[in-house]
Every structure is written in structure tokens, then in C-alpha cells.
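Student: Here's a structure for you.
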Amino acid sequence: MSSSDLTGQARTNREFWNRQADEYQATHGEHIGRPEPQWGLWQIPESELRILGDVAGKDVLELGCGAAQWSILLAQQGARMVGLDNSERQLEHARPAMAAAGVEFPLVHSSAESVPLPDASFDIVFADHGANRFADPLLWVCEVSRLLRAGGFAAFSGGTPFEWIGWNPETDTWDDRLHRPYFGMHRWETPEGSVEFELPYGAWIRLFRRNGLEIEELREIQAPEDAVTTYRTEEENAWAQRWPMEQIWKVRKL
Amino acid sequence: MTLSQHAQTNREVWAKNAAEFREPGKRNWAQPEITWGIWHLPESEIGALPVLAGKDVVELGCGTAYISSWLARRGANVVGVDLSPEQLATARELQAEHGIEFPLIEASAEDVPLPAASFDLVISEYGASIWADPYLWIPEAARLLRPGGELVFLTNGLILELAWSVESERVGETLVYDYFGYHRLEDPKDGSIVFQLPYGEWIRLFRANGLEVEDLIELQPPEGADPGRWDFVSNEWARKWPVEEIWKARKRA
């Protein structure tokens, strides 16, 4: 997709991730490059959360695959993977990682807001703080529904409405005050220069249902007591033991 | 009727509170329009309810039964259930005054003496939806519904509860309570107990009871709207964060 076809946020985030990719992989690559699939900020094993289940023989699409840490592990478990990312620099990190792991699957350079893949071609579409966070849900949820086969499901971990309302713009961290309104939450131009998205709980529910997706689960992740992460400070982990900073939606195509 | 500990406590509290709810009950019965919550937001704008004519409806925690009266006037076959005989006495008075009759049953929503699969709609507004334990009343609501029937209830906004000050009896802008594990809040003054759950927990509870999630409508009052006698929240707060939210779920066919 040429960059002139992108929405404003897709262009901004493509540039952001092209700038950030090397540093991101240097900072977090080891944390998220574990031998088994793990979710989110605190890298909680899929074997514990059991969101995706058995992927062997399934057609699986990862939205915002970055250096393809997740996709590589799922391919090794027998999934027919496709990895999508909006940043070509992130995908340049994915290719040598795939070669090193000895797996081969298509990588698609695209925004999740308009995906150049056919309708009803996946059993599972998922993201782990991926495109779901950096693309507009009003656009990508529609795409996910289109890409899923009937009976297939989508699962994605990301931020939460509490993360949105509890973030203090003056200190650039979270505390126990209500800083930002709940109503109207949607698009956030972060101090780092990216554009991120979050919706009220009810808006997510309506958006899924409008797109023919039945709500199976909202798994709110409490930071583990012994949380280890390269993404958050100790104080932020303590906040996330009290209020949700990460959640995983799971929805199924009717 | 065997009552849970909190149901007994809440029943005693409502015995004292009922007199205070007589006048608002009277006003609500006289109101032609169906509205939601403390700002009386019109159902014609919210759209939370299905077509009512000919439907079998049970209201859990009906209090003075004004909601039931609105639904009865639109052709629904309504049954009101409430734990408080004092509240039901007001409801009976208002039934007589308005010439609208429907059955009123004294019972907790946690254990309803009505047959399974006998209703198309289970509704609650500031009723069982806040005063009964969801782990007990949601299974009862699911049991009462016919396949395809709907559960619609209004409850306190979760953010409101987490930012609630029991001392000032007002909502603040500080999160006082933890989200994880949130379940009940006891009023230290009168000992009454209200319930609320994390969003994900509601969804798990619905699905475990054969209910599909249909909607969650967070209510936002218009600018300058007057909450009347309710002074626990400012319009400014309520414009930013939800004071009330309506869940909708449907029993699997």
C-alpha cells in the first residue's frame, strides 16, 4: 500500500514505528522473544491464559506483528501464519528472525485499517499490543470481521479505558486520580509522537456486534506481584495491580 | 423466604427508607414517558428496551414499581418483585390510585418464587441490579427468561463506585477502591450493601448463565441537566465519567 492511501494516523504511526523499530527491538526484543507465546506487558504465558488455544492447522493472521516473535512461535506450533505490520523497518527485523527460527510465512506490509487479503480467509486474527492499539478500531474491527471465517475468532490485547482515564499528562504516568474523561475517548496523540486508540467498554461492545462479532470474553490482566517488564516502572506495575492497564478481548464471527 | 445476610440487612434499610421514596414514586408513576436514571433520560433516545406490547416482564427490585407501571401501560404483562414490604405497600397504593393492576411479589431477586422460562424481559433499574449479589441474581434472571428473552438493567457506573467517598456520600476524582476483585460496597452509616463487578466479570457471569452480551450503554446527561434531589454527583463529573450504565444481554435461543 503506498503511503498516500493511508489514513493520517496510519502514516504517522508508520513513520513512528520506522523510527522506533531498531530501538524498540533492542530494548524489548529479549523480553518478548521467549521460547513460548506470551501476552502483553508482563509476558504472561498463553499456556496460562489460554486465549488462542490449539493453533495447529489453523489460518492465523497477526495484526501488527513487529519482529514476528508471536508469529514465529505459532508457525512452529503448526499454524499457517500471516504476519502483518505497518512498518517496513519492523518487518526487516522479522525476516532474519524467521530465517534463524527456520520458519517461512508471508509478511504483509500494510495498515490494519485496510488489509490487502481476501474475505473469510482466517480462523484466528489476533494482536498483542499491535495494530489494535495503533489503528482506528472503527476501521480495523470492520476489517477483522471481513477477514474471519464464520465461527473464527479474534483476540487482541491492548490498553484499557482505565489506562486512559488514569494517565496524568503532567507526569506522563498513572496515579489514583481521574485525569481524562471517559466519554469521548477514542484517539490519543501520545507525547512520543504516535497515535493510539482506546474506546469505552460500551463502544467496543457495540462496534463488535455491529460487525457480526459475538463477545466471548474480556480478560483483564492484573499485573503479577513479581511482574517483570521492560515496558513499565515498578510504580506503574503497582498501579496495574489495582486497576486494569491491559485487557484482552475475544470475539467470535457469527 | 430465606434471605442472604446482605438481603436481610438491605431489607431492614429499605424498611426505614421507604417513606422517603413515596413522593418520588408518586411523581414517577404520574410521568407518561419511560426514562432512565437520575436524569430521567428518555428511553426514546436511549433505546434500551424491546417492543413491550404483549411481552411477559418481571422487574427485579421494583420498589414503588414505577418502571413496571410504565411497561404495563404499554401493554406488557408485568410482575413486580421486591424485597421490601414497605416499598410494595407504596406500589399497591399507586396501583389503586392509577387503576393499573399487576402482581407484586415480596421476594429477593436472589431467589425468585416464579417458574423458569416464563418471561421475555427481565428488567431492573437501581433495583436488584445494585442491591442483590450478581452471582445470585443473574442466574435467577437467566432462569426466568425464555430462550431469546432479554435482560436489561441499570446500575451504578463502576468508575463512580470506585471513586465513591463513604464519608462525604459523594463521588470524587480519586480512585479509592481497587478494580480487581471489586464486588460489594458497604455503607458504614446504615450498613446497606451495594454490588458492582468489573466489566470482564459481568461478561463472564452473563455467558456462564447462557446470556449473550448485547450492549452496555453508559449514560451521559446533557449539559446543565439537573439531577433533582440527588446531590452525590455534579453535572460536570457526570459529563466526564459514567454515573449510570445499562447492560443488555440475551438468553441464548
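Each reported figure results from applying straightforward, stated rules to the coordinates on display, with no laboratory input. Please read these numbers as outputs of a predicted model, since none were measured by experiment. As a convention, Cβ positions derive from the backbone with ideal geometry for all residues, glycine included, and neighbour counts pool all protein chains shown.
Student: Please identify, among B:ARG92, B:ARG11, B:ARG204, the residue showing maximal mean-square fluctuation in a Gaussian network model of chain B using a 10 angstrom Cα cutoff.
Tutor: Judging by the Gaussian network model, the answer is B:ARG204.
Student: Give the distance, in whole Å, between the Cα centre of segment A:17-42 and the Cα centre of segment B:25-57.
Tutor: Centre-to-centre (Cα) distance: 51 Å.
Student: Let me ask another. If packing is taken as the average number of other Cβ atoms within 10 Å across a peptide's residues, how do B:40-52, A:154-166 rank, most packed first?
Tutor: Ranked by mean Cβ neighbours within 10 Å, highest first: A:154-166, B:40-52.
Student: Still on this model: In peptide A:176-182, how many Cβ atoms from other protein chains are near each Cβ within 10 Å, on average? Provide the component values of the computation, followed by the final result.
Tutor: Working: counts 6, 5, 11, 1, 2, 5, 7.
So the per-residue partner count for this stretch is 5.
Student: Using a Gaussian network for chain B with springs between C-alpha atoms less than 10 Å apart, which of these wobbles most: B:ASP215, B:ASP178, B:ASP133?
Tutor: Looking only at B:ASP215, B:ASP178, B:ASP133, the largest GNM fluctuation is found for B:ASP178.
Student: Just checking the output field for A:215-224: average partner chain Cβ neighbours within 10 Å of each residue's Cβ?
Tutor: 4
Student: If you don't mind, another one. Taking 8 Å as the Cα distance limit and 6 or more residues as the minimum spacing, I'd like the relative contact order of chain B as a percentage.
Tutor: That works out to 19 percent.
Student: Give me the distance in nm between label points sitting 7 Å out from Cα along the Cα-to-Cβ direction at A:GLU192 and A:SER47, one decimal.
Tutor: 2.9 nm
Student: Which value in nm describes the separation of the simple spin-label points at B:GLU97 and B:VAL176, placed 7 Å from the Cα toward the beta carbon?
Tutor: 3.4 nm
Student: While we're here: What's the local net charge at B:GLU244, with K and R +1, D and E -1, over the other residues with C-beta under 12 Å away?
Tutor: On the way: positive: none; negative: B:GLU125, B:GLU161, B:GLU218, B:GLU245.
Spelling it out: positives minus negatives among the neighbours equals -4.
Student: Within the P(r) computed for segment B:193-234, what percentage of the Cα pairs occupies the region above 12 Å?
Tutor: Numbers: 632 of 861 pairs.
Every Cα pair in segment B:193-234 considered, those over 12 Å come to 73 percent.
Student: May I have the pair-distance distribution P(r) for segment B:119-235, computed from all Cα-Cα distances with 5 Å bins from 0 and rounded to whole percent?
Tutor: Percent of pairs per bin, in order: 2, 10, 18, 23, 19, 13, 10, 5, 1.
Student: Taking Cα pairs under 8 Å and at least six residues apart, what relative contact order does segment B:1-96 come out at, in percent? Don't jump to the answer; show the numbers that get you there.
Tutor: Numbers: 104 pairs, mean separation 29.6, N = 96.
Relative contact order comes out at 31 percent.
Student: Continuing with the same structure: Mind computing the radius of gyration and Dmax over the alpha-carbon atoms of segment A:1-144? Å is fine for both.
Tutor: 14.2, 42
Student: Tell me, what is the FRET efficiency for B:ALA15 and A:ALA238 to the nearest 0.05, using R0 = 35 angstrom and their Cβ-Cβ distance as r?
Tutor: FRET efficiency, B:ALA15 to A:ALA238: 0.20.
Student: Then there is this: What shape does segment B:1-77 take by its C-alpha gyration tensor, where a ≥ b ≥ c are the square roots of the eigenvalues and a/c under 1.5 counts as rounded, a/b above b/c as prolate, and the rest as oblate?
Tutor: Here segment B:1-77 falls in the prolate category.
Student: Now for a separate question. Please list, or write none, the aspartates and glutamates whose alpha carbon is within less than 15 Å of the alpha carbon of B:LYS26, excluding same-chain residues fewer than 8 places away.
Tutor: Within reach: B:GLU86, B:GLU93, B:GLU97.
Student: Could you order peptides B:166-174, A:179-187, B:55-63, B:242-250 by the average number of other Cβ atoms within 10 Å of their residues, highest first?
Tutor: Order by mean packing, descending: B:55-63, B:242-250, A:179-187, B:166-174.
Student: Same structure, new question: At R0 = 41 Å, how high is the FRET efficiency between A:ARG206 and A:ALA99 if r is their beta carbon distance? Nearest 0.05 is fine.
Tutor: On the way: r = 43 Å, r/R0 = 1.05.
Rounded to the nearest 0.05, the efficiency is 0.40.
Student: On to the next question. Report, as an integer, the average count of C-beta atoms from other chains found within 10 Å of each Cβ along B:174-183.
Tutor: 4
Student: Over all distinct Cα pairs, what is the inverse of the mean 1/r for the protein assembly as shown, reported as the Kirkwood hydrodynamic radius in Å?
Tutor: Every distinct Cα pair counted, the radius reaches 24.5 Å.
Student: Continuing with the same structure: Most mobile of A:VAL108, A:VAL55, A:VAL125 per a Gaussian network model of chain A (Cα springs, under 10 Å)?
Tutor: Highest fluctuation among the options: A:VAL55.
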